[in-house]
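Colleague: Before we start, here is the structure in question, set down as structure tokens.
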Amino acid sequence: MGAEALGIDHVYLAVRDLARSEAFYDRVMPQLGFVKLREPLHGEPHVHYVGRPFGFTLRPARPGTPPHDPYAPGLHHFCFRLRDEAAVDAFARALGAAGIEASPPRRYPEYAPDYYATFFRDPDGVRLEVCNFWEARRRRMVSGVGPLDTGPPAAGSDPGFTRLEAPGLVLRRFEPRDAEALAAYRSDPEVARHQGWTTCSLDEAHRFVAGLASLAPGTPGEWFQFAVSETPEGPLLGDCALRRSRTDPRQAELGFTFARAHQGRGLAAAAVRRLLDYAFSTLLLHRVFALVDERNERAQRLLARIGFREEGRFVENVWFKGEWASERLYALLEREWRAGQSPPEPGGRRR
Ligand SMILES: CC(C)(COP(=O)(O)OP(=O)(O)OC[C@H]1O[C@@H](n2cnc3c(N)ncnc32)[C@H](O)[C@@H]1OP(=O)(O)O)[C@@H](O)C(=O)NCCC(=O)NCCS
């Protein structure tokens with residue numbers, strides 16, 4: 001193979017009225033993470049919008065050119081890719097707030113089973129699109145593997161999430177009041193022993209909580225931490241976490257951590273069970289897995305108790321706190337989870 005292009009560096013767009021188009025793109029591009037630079041080129045005013053995937057430049061069109069025709073040779077439309085459906089929804093809301101009319105976001109199964117997009121136009125009539133088209137799918141198309149069998153669709157993320165309830169416990173969003181307890185148990189050497197951190201300051205805990213506020217459970221590639229307490233207003237006892245795979249949203253990794261004072265009560269297992277029910281029933285996951293340091297016996301006992309299968313042992317696969325450590329992989333499929341639940345009682349309720 002020769003060289004492989006890493007992306008588009010920049011695209012030029014000749015516009016009929018530079019000030020009008022600049023005012024329009026000023027309302028759109030910051031929502032997509034682009035920054036603006038104004039720099040004349042060859043004595044002509046140019047407006048650049050520079051983003052991670054590419055940059056594009058508005059330059060004045062030659063006077064007297066005919067209106068934009070999407071079927072004339074040349075540019076038809078720009079399509080921007082966001083992380084997931086929730087991000088497309090949030091973008092569409094921001095466009096609405098900026099007074100720009102766009103089509104309501106929806107699925108377009110004719111493009112792909114879970115293709116989700118919103119469409120709008122710039123002042124010259126150039127079509128703009130924002131969708132959830134995944135990197136993995138694009139790569140498969142590029143590598144010529146042919147139409148991708150994506151299997152049954154997964155549910156989107158859950159931006160409306162507030163809490164999950166189970167007898168005697170609640171999995172809820174983290175709140176600023178939890179920062180102190182979080183910093184305390186994350187700084188306990190017993191709790192941190194097999195985890196990626198060693199200590200956690202109050203500042204770090206506040207930043208951690210603030211970072212979760214705008215995140216939705218089930219967002220591909222992002223860990224979402226659920227605060228666990230006995231009642232919705234109760235103090236923080238521990239947390240459970242789920243990170244959906246970025247490349248296959250029907251799979252997710254699980255994590256859990258409890259303050260020492262709240263271990264050995266069966267609370268962690270009850271919270272993980274409630275989270276699994278949510279993962280399989282609401283997020284429609286197919287498989288949940290956990291990677292555990294093989295010296296972490298309590299975590300392995302918890303996983304085995306819930307019905308996770310051990311799938312493998314990795315030998316000295318991670319450099320961890322100054323030495324090579326070995327990890328074990330545990331997983332649970334949705335059908336295994338359902339089979340492990342007690343059968344419905346005659347009234348249809350589970351025991
Ligand atoms: C992993 C961790 C969450 C397990 O906590 P845990 O409280 O032992 O887990 P469970 O909720 O399953 O509780 C089971 C224990 O409670 C005891 N228990 C007491 N009352 C109980 C009750 N009513 N119901 C069930 N179990 C009860 C059980 O006997 C069991 O103890 P044992 O394992 O010594 O036999 C906890 O050790 C932890 O936070 N560790 C630090 C973070 C970490 O390493 N996380 C894992 C990263 S992958």
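The values are calculated or read from the model by the stated rules, or taken from the named source; none is laboratory data. This one's a predicted model, so the numbers in the text were calculated from it and none came from an experiment. Note: ideal-geometry Cβ built from the backbone for every residue, glycine included; neighbour counts use all protein chains shown.
Colleague: Mind listing whichever residues of segment 257-306 are within 23 Å of A155 (Cα to Cα), of a type in the set (A, V, I, L, M, F, W, C) and touching a strand residue (DSSP E or B) at 6+ places or on another chain (Cβ under 9 Å)?
Modeller: A271, V272, L275, L276, A279, F280, L283, L285, V288, F289, A290
Colleague: Picking from L276, L284, which residue would you name as being on the phi > 0 side of the Ramachandran plot and outside any strand (DSSP E or B)?
Modeller: None of the other options fit; the residue is L284.
Colleague: Okay, next question. Provide a single number: the residues in segment 177-211 that are within 17 Å of L237 (Cβ to Cβ) and away from the ligand (no atom under 14 Å from the Cβ).
Modeller: Of the residues in segment 177-211, 8 are within 17 Å of L237 (Cβ to Cβ) and away from the ligand (no atom under 14 Å from the Cβ).
Colleague: Among the residues of segment 1-56, how many are more than 22 Å from A102 (Cα to Cα) and of a type in the set (D, E)?
Modeller: Residues in segment 1-56 being more than 22 Å from A102 (Cα to Cα) and of a type in the set (D, E): 4 in total.
Colleague: Something else: Out of the residues in segment 157-168 meeting the condition of being under 26 Å from the mean Cα position of the chain (by Cα) and not charged (D, E, K, R), tell me which one is farthest from R243 (Cα to Cα).
Modeller: A166
The rows are residues; the columns are (1) under 27 Å from E85 (Cβ atoms); (2) in contact with a Pro (Cβ under 8 Å, 6 or more places away or on another chain); (3) not polar (S, T, N, Q).
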{"site": "A179", "(1), (2), (3)": "no, no, yes"}
{"site": "C200", "(1), (2), (3)": "no, no, yes"}
{"site": "P220", "(1), (2), (3)": "yes, yes, yes"}
{"site": "P232", "(1), (2), (3)": "no, no, yes"}
{"site": "G238", "(1), (2), (3)": "no, no, yes"}
{"site": "R243", "(1), (2), (3)": "yes, no, yes"}
{"site": "D248", "(1), (2), (3)": "yes, no, yes"}
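Colleague: Related question: Exactly one condition in (1) within 26 Å of G156 (Cβ to Cβ); (2) at pLDDT below 90; (3) among the small types (G, A, S) is not met by A94; state its number.
Modeller: (2)
Colleague: Hey, does segment 40-57 have a residue that's of a type in the set (G, A, S) and at pLDDT below 85?
Modeller: The answer is yes, given that some residue of segment 40-57 is of a type in the set (G, A, S) and at pLDDT below 85.
Colleague: Let me ask you something else. Which one of these is surrounded by fewer than 23 Cβ atoms within 10 Å (Cβ to Cβ) and either among the aromatic types (F, W, Y) or more than 15 Å from the ligand (Cβ to nearest atom) (or both): R246, R260?
Modeller: R246
Colleague: Turning to a different aspect of this structure: Take the residues of segment 285-307 that are within 13 Å of the ligand (Cβ to nearest atom) and closer than 22 Å to R246 by Cα: which is surrounded by the most Cβ atoms within 10 Å (Cβ to Cβ)?
Modeller: Ranking the qualifying residues of segment 285-307, first place goes to V288.
Colleague: Here are some residues: A252, A279. Which one is closer than 15 Å to G307 by Cβ and either away from the ligand (no atom under 12 Å from the Cβ) or surrounded by fewer than 18 Cβ atoms within 10 Å (Cβ to Cβ) (or both)? Even if it seems obvious, please write down each step before you answer.
Modeller: Details: A252 fails: closer than 15 Å to G307 by Cβ.
One residue alone meets the criteria, A279.
Colleague: Okay, next question. Looking at segment 195-230 only, could you name the residues that are in contact with a strand residue (DSSP E or B) (Cβ under 8 Å, 6 or more places away or on another chain), surrounded by fewer than 17 Cβ atoms within 10 Å (Cβ to Cβ) and of a type in the set (A, V, I, L, M, F, W, C)?
Modeller: W223
Residues checked against (1) assigned to a loop (DSSP other than H, G, I, E, B); (2) touching a Lys or Arg at 6+ places or on another chain (Cβ under 7 Å); (3) in the same structural domain as D114 (by TED's automatic domain parsing):
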{"position": "L37", "(1), (2), (3)": "no, no, yes"}
{"position": "Y49", "(1), (2), (3)": "no, yes, yes"}
{"position": "F56", "(1), (2), (3)": "no, no, yes"}
{"position": "P63", "(1), (2), (3)": "yes, no, yes"}
{"position": "G74", "(1), (2), (3)": "yes, no, yes"}
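Colleague: Next up: Hey, can you tell me all the residues within segment 42-101 that are surrounded by 11 or more Cβ atoms within 10 Å (Cβ to Cβ), under 19 Å from the mean Cα position of the chain (by Cα) and of a type in the set (D, E, K, R)?
Modeller: Once the filter is applied, which keeps residues that are surrounded by 11 or more Cβ atoms within 10 Å (Cβ to Cβ), under 19 Å from the mean Cα position of the chain (by Cα) and of a type in the set (D, E, K, R), segment 42-101 yields R81, R83, D84, E85, D89, R93.
Colleague: Then there's this: So in segment 227-243, with the set limited to residues that are outside any strand (DSSP E or B) and of a type outside the set (S, T, Y), which one is nearest to the ligand (Cβ to nearest atom)?
Modeller: Just the residues of segment 227-243 that are outside any strand (DSSP E or B), to begin with: 230-237.
Still in the running and of a type outside the set (S, T, Y): 230, 232-237.
On the way: E230: 14, P232: 20, E233: 22, G234: 17, P235: 16, L236: 13, L237: 10 Å.
Restricting to residues being outside any strand (DSSP E or B) and of a type outside the set (S, T, Y), the top hit is L237.
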